[in-house]
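Novice: Okay, handing you the structure first.
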């Protein structure tokens, strides 16, 4: 596991739980609005690498205070030791939440078959007809569709989520995404927040208004019962 970030405590990243959070290095997508360029487009800073044993030792020491470990990135399913590491965390008695872009359905299925992830968060980035236009050449859109179905059919608990960026998405994009995840359990609309991004030209003008977000919610509600907005 190439872990280059470790947050010891968070109340925001696992619904209803106190969690620790780790960031894995590397991603197979290059989304301009990504807030973690140091994990995606910049060379790996070896001085930031956190050893697995350090994470596990911390979790042991905080048992009873920390409920879960959240694994995010980057794209964690690119890590060859991901399953082995998750098993170690589960053996200590912690819940595990895994964030993914869904581009590696084979790994998603292996993890689902093992039942070692308690909560999944998958980023559904675009509506169906736009997805393939925005993917890297080595990424197969069919993998993403497979991952959506796998999570809907087999995950213990999960959410889908989209960060909406004006200029990339429109209000109407929400309906297309709703169709893509129709019948799913839970969906979050996330507004773009300006800050450090892969594309430095993005700014406040790329955020949607509250009224626009509410319209998106109404559009998705035709396909998904539980829809919330994260502004």
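The values are calculated or read from the model by the stated rules, or taken from the named source; none is laboratory data. Just so you know, these numbers come straight off a predicted model, no measurement behind them. In this analysis, Cβ positions are derived from the backbone assuming ideal geometry, glycine residues included, and neighbour counts consider all displayed protein chains.
Novice: So which residues in segment 32-53 are surrounded by 11 or more Cβ atoms within 10 Å (Cβ to Cβ) and in a helix (DSSP H, G or I)?
Specialist: Of everything in segment 32-53, those that are surrounded by 11 or more Cβ atoms within 10 Å (Cβ to Cβ) and in a helix (DSSP H, G or I) turn out to be 37, 38, 39, 40, 48, 52.
Novice: Would you mention how many residues in segment 128-159 are in contact with a strand residue (DSSP E or B) (Cβ under 8 Å, 6 or more places away or on another chain) and assigned to a loop (DSSP other than H, G, I, E, B)?
Specialist: Final tally of qualifying residues: 3.
Novice: Also, quick follow-up: What's the number of the only condition in (1) part of a loop (DSSP other than H, G, I, E, B); (2) more than 18 Å from the chain's Cα centre (by Cα) that residue 12 fails to meet?
Specialist: (2)
Novice: Need the failing condition index for residue 63 against (1) over 21 Å from residue 152 (Cβ atoms); (2) buried (at least 19 other Cβ atoms within 10 Å of the Cβ), just the number.
Specialist: Exception for residue 63: condition (2).
Novice: Right, residue 117: more than 30 Å from residue 210 (Cα to Cα), in a loop (DSSP other than H, G, I, E, B) and modelled with pLDDT under 95 or not?
Specialist: No: the conditions fail for residue 117.
Novice: Continuing with this model, one more query. Could you list, in sequence order, the residues of segment 95-110 that are crowded, with 22+ Cβ neighbours inside 10 Å, closer than 23 Å to residue 55 by Cβ and in contact with a helix residue (DSSP H, G or I) (Cβ under 8 Å, 6 or more places away or on another chain)?
Specialist: Passing the criteria: 98, 99, 100, 101, 104, 108.
Novice: Would you point out which residue out of 71, 86 is assigned to a helix (DSSP H, G or I) and modelled with pLDDT of 95 or more?
Specialist: 86
Novice: Looking only at segment 13-45, filter to residues that are out of contact with any strand residue (DSSP E or B) (no Cβ under 9 Å at 6 or more places or on another chain) and without any contact (Cβ under 8 Å) to a residue 40 or more places away in the chain; which one of those is nearest to residue 125 (Cα to Cα)?
Specialist: Top of the filtered list is 42.
Novice: Can you pull out every residue in segment 160-190 that is assigned to a strand (DSSP E or B), closer than 14 Å to residue 227 by Cβ and touching a helix residue (DSSP H, G or I) at 6+ places or on another chain (Cβ under 9 Å)?
Specialist: Result: 160, 162, 164, 187, 189.
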